1. May I ask you to verify whether Val75 is assigned to a strand (DSSP E or B), touching a strand residue (DSSP E or B) at 6+ places or on another chain (Cβ under 9 Å) and farther than 25 Å from His180 by Cα?
2. For Thr109, which of the numbered conditions (1) open to solvent by 40 Å² or more (accessible area, probe 1.4 Å); (2) in contact with an Asp or Glu (Cβ under 7 Å, 6 or more places away or on another chain); (3) under 14 Å from Glu71 (Cβ atoms) fails to hold?
3. What do you reckon, is Asp80 assigned to a helix (DSSP H, G or I), assigned by the TED database to the domain that holds Glu122 and of a type outside the set (Lys, Arg)?
4. How about region 40-60: which of its residues are at pLDDT 90 or above and within 19 Å of Leu144 (Cβ to Cβ)?
5. What's the number of the only condition in (1) part of a helix (DSSP H, G or I); (2) surrounded by 15 or more Cβ atoms within 10 Å (Cβ to Cβ); (3) touching a helix residue (DSSP H, G or I) at 6+ places or on another chain (Cβ under 7 Å) that Arg60 fails to meet?
6. Check whether at least one residue in region 41-48 is among the polar types (S, T, N, Q) and either touching a residue at least 60 places away in the same chain (Cβ under 8 Å) or out of contact with any helix residue (DSSP H, G or I) (no Cβ under 7 Å at 6 or more places or on another chain) (or both), and report yes or no.
7. In this structure, does Ala141 turn out to be over 15 Å from the mean Cα position of the chain (by Cα) and aliphatic (A, V, I, L, M)?
8. So, in region 150-167, how many residues would count as being open to solvent by less than 50 Å² (accessible area, probe 1.4 Å), free of Cβ contacts under 8 Å to residues at least 40 places away in the same chain and within 15 Å of Leu124 (Cβ to Cβ)?
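The values are calculated or read from the model by the stated rules, or taken from the named source; none is laboratory data. Fair warning: this is a prediction, and the values are worked out from it, not measured in the lab. Cβ placement follows ideal geometry from the backbone for every residue including glycine, while neighbour counts extend to all protein chains displayed. Remember, those area values only see protein heavy atoms, side chains included, never the ligands or the DNA or RNA. Shrake-Rupley method; radii C 1.70, N 1.55, O 1.52, S 1.80 Å.
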Amino acid sequence: LRLEMAGPFIRIDERCRTSMTGVLAIGDVTGEPMLAHRAMAQGEMVAELVAGQRRAWDKRAIPAVCFTDPEIVSVGLSPDEAAAAGREVVTGLFPFAANGRAMTAGDETGFVRVTARPDTHEVLGIQAVGAGVAEMAGGFALALEMDARLEDIAGTIHAHPTRGEALHEACLRALGHALHI
């Protein structure tokens, strides 16, 4: 095969098409991020394309998770990444030290941080560090996938007491209306 490469990886477009007609590629051979859930999503999309459906790949909402202690989750842009791309942002950070569930569990380490555009409040990224935050990765990715605004998340009722409330509070804080700090 004579495929265009992107360094050591096969170059693909937003539909996983390579430079050769009829040849598609997914997973680790296509580069970073090398995550099983990314490859699965690409495979599902390619199957739909082969079946005649119209789809395109949007990599901005792929969660990256470190299963460490404490866990780390990142979806989208961090404030530093947004700044490096020349984007202005507003951020809201809510520490688990002020979260009822974390306090009752005796594990207050960490935070949830949201990064958004200052003009439209579109969420550009969400990061979290703490016990069990890997379970929040899907919700974080959904927020980016659906182009949620800070007001969308702040206006969503979050169950109490849960660690997930920290996302609600981070959005409220970015809007200048934090309740618990």
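1. On the way: assigned to a strand (DSSP E or B): yes; touching a strand residue (DSSP E or B) at 6+ places or on another chain (Cβ under 9 Å): yes; farther than 25 Å from His180 by Cα: no.
Taking the combined requirement at face value, the residue does not satisfy it.
2. The single condition Thr109 does not satisfy is (2).
3. Numbers: assigned to a helix (DSSP H, G or I): yes; assigned by the TED database to the domain that holds Glu122: yes; of a type outside the set (Lys, Arg): yes.
Taking the combined requirement at face value, the residue satisfies it.
4. Across region 40-60, the qualifying residues are Met40, Ala41, Gln42, Glu44, Met45.
5. (2)
6. Keep residues of region 41-48 that are among the polar types (S, T, N, Q), which gives 42.
After this cut, where a residue has to be either touching a residue at least 60 places away in the same chain (Cβ under 8 Å) or out of contact with any helix residue (DSSP H, G or I) (no Cβ under 7 Å at 6 or more places or on another chain) (or both) as well, the list is none.
There is no residue in region 41-48 that is among the polar types (S, T, N, Q) and either touching a residue at least 60 places away in the same chain (Cβ under 8 Å) or out of contact with any helix residue (DSSP H, G or I) (no Cβ under 7 Å at 6 or more places or on another chain) (or both).
7. Values: over 15 Å from the mean Cα position of the chain (by Cα): no; aliphatic (A, V, I, L, M): yes.
Spelling it out, it is not the case that Ala141 is over 15 Å from the mean Cα position of the chain (by Cα) and aliphatic (A, V, I, L, M).
8. Number of matching residues: 1.
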